[in-house]
Amino acid sequence: MEALIPVINKLQDVFNTVGADIIQLPQIVVVGTQSSGKSSVLESLVGRDLLPRGTGIVTRRPLILQLVHVSPEDRRKTAGDENDPATWKNSRHLSKGVDAEEWGKFLHTKNKLYTDFDEIRQEIESETERISGNNKGISPEPIHLKIFSPNVVNLTLVDLPGMTKVPVGDQPKDIELQIRELILRFISNPNSIILAVTAANTDMATSEALKIAREVDPDGRRTLAVITKLDLMDAGTDAMDVLMGRVIPVKLGIIGVVNRSQLDINTKKSVADSIRDEYGFLQKKYPSLANRNGTKYLARTLNRLLMHHIRDCLPELKTRINVLAAQYQSLLNSYGEPVDDKSATLLQLITKFATEYCNTIEGTAKYIETSELCGGARICYIFHETFGRTLESVDPLGGLNTIDILTAIRNATGPRPALFVPEVSFELLVKRQIKRLEEPSLRCVELVHEEMQRIIQHCSNYSTQELLRFPKLHDAIVEVVTSLLRRRLPVTNEMVHNLVAIELAYINTKHPDFADACGLMNNNIEEQQRRNRLARELPSAGSRDKTSPAIGEGVSESGTGNWRGMLKTSRAEEILAEEKSKPVPVLPASPQKGHAVNLLDVPVPVARKLSAREQRDCEVIERLIKSYFLIVRKNIQDSVPKAVMHFLVNHVKDSLQSELVGQLYKALLLDDLLTESEDMAQRRKEAADMLQALQRASQIIAEIRETHLW
């Protein structure tokens, strides 16, 4: 199981080659406040001085530090392929031609090897300033460093900037928030182990490292606490309770270490001497805990924890890699291969787009929307919900009042008083109401046209992603389809306009539905007339005998089923009713002497009580208008969708393929239309590289199973 850590290093190398961080690999993340001793702990684990030193914030970029254990025999080998499984299977991660006991290698310097650790420190400082600048700002872009040494155990560590509260110098004002977000980004990885570093001369209960660790690991299953600077505690105090877990328990344990002082660093005290002095201090100060604390015990513990953690994470890691490999394979397929036969490719793309467009209208497309109505379903909704409800909401008598009706009746009779309600007034008023159906009908055409325009974008986004490779072809197809829809719009509008005009051209009062409505209204009116006559004739039987012939004549004429019959009543009844309701005449004032009289300057009463005949005439006209309007509305509600389907939807479906081929399938346009977007080749290469990396990672994990390492 010792070889599992080099496996993770190998996986890290694979993904570093493509510059991707899509896989969260197991690693140890070191967190703590500034000057808590994080860098000293890391240097103790490496056994060499390699990290920048100074006051304030020194670590300003994440440092991903991979420690690779090599034996003395390994360093003398000059051959070996790092991609050979035999290399990492036996914990041998070799570099060619290295004749040094320890060396380092940065990812950003490619194959350059560093045997001088002062140069490694200088390179870290230079690379940090190159990205983060020299104003003490931070950057989330990591530095990758590998250390090969016989004195280290296999580990992958991440050193992060120390947490701070107050910006210093020209640091950004939100430096605290930036560092916190950077730390959370790394420790939120569920495959990471959190190494929370806290100085012994501070209160453990106020540890910022443990506090932020608990935010992402509340159960403490992947948190290990490290207590530094045990030798700097106040006289008369010790860290026994802290190290025993009595103050704050930590599941993975609490390990104490002794750091090198600034004087030791200035005097170039070696890490080996420091570890030897640390052991003596622990034996003297904490004899019962000496074998469970110190740098060497910390290194062994981290190595053990990381190996077990890797073993637990590998199944999920394998699944994640396989899923990503399938996704990138699909992405690469969508980018397509470089075009060889341009003529066949163009025809294929045109045909596929036309087919998908028609299928979207028919509801048989491969990609079905689930969030909203689209294509033919939306057109159906427009016809039967939007358009249908709009027509039903149109009031048959909307915009008409009693004065309008009376005015139309009087204007239709000319200079003679009307004996009957003129038919012209009915036609005039009903046409006015039918005209109101034209606007919602044209709006229906507009909505369907807009939906057919939206289908173009739907097909581009979901159905024919190959078009994204060729932006000029995509734009040309959109232009052709848009032009076709634009040409069909006025034709369809004209037809819908004609449908309304046809209804206006001839008012068919012999329509069966209209005749039935007239007959029913005749019966109702006759019954009301009979009741009115009975009420007037009760006081005098003689008067009843005199008016009987007239009554019989009125009933006979109105019962014929002709709508005019309902307009005839007894002349005696009309005269009687008019006499009763006749207003008292108001004599106009005498004109002043010397002034002309304008006969048209007669005040028109704003409101007055209608006579019985006027009331009856208005009611009859209203009922007739409503009856005929409902007939026409039913016709329009049925004929407009049919016209839209024939002149717009079906015509576009039937002619789309031929229109696209005729406009675009030309030899002179092939090269221009099939020009890929500028970034497509780069995106195809990146997807291919990532797919290759994922396949290599999957192969590495499969070889682990074969060698029974997992």
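The values are calculated or read from the model by the stated rules, or taken from the named source; none is laboratory data. Being a predicted model, the structure only gives us computed values, none of them experimental. Heads up, the Cβs are rebuilt from the backbone with ideal geometry, glycines too, and the neighbour counts pull from every protein chain shown. SASA here: full protein model, heavy atoms, side chains in, ligands and nucleic acids out. Shrake-Rupley method; radii C 1.70, N 1.55, O 1.52, S 1.80 Å.
Accessible area per residue for the stretch 248-397, computed on protein heavy atoms with a 1.4 Å probe, is 55 Å². Neighbours of Tyr297 by Cβ distance under 13 Å: Lys/Arg scored +1, Asp/Glu scored -1, total +3.
Summed over the residues of the stretch 173-236 and divided among them, the accessible surface reaches 47 Å² per residue at a probe radius of 1.4 Å. Across the accessible surface of the stretch 182-241, with the other protein chains kept in place and a 1.4 Å probe, carbon and sulfur atoms take up 47 percent. The gain in end-to-end length when the Leu534 to His646 segment is fully stretched comes to 34.4 nm, 0.36 nm per residue minus the alpha carbon separation. Solvent-accessible surface of protein heavy atoms, probed at 1.4 angstrom with all chains present, puts Thr228, Thr364 in the order Thr364, Thr228, largest first. Relative contact order, whole percent, for the stretch 203-311 stands at 23, derived from Cα pairs under 8 Å and 6 or more residues apart. Heavy-atom accessible area with a 1.4 Å probe sorts Val216, Val652, largest first, into Val216, Val652.
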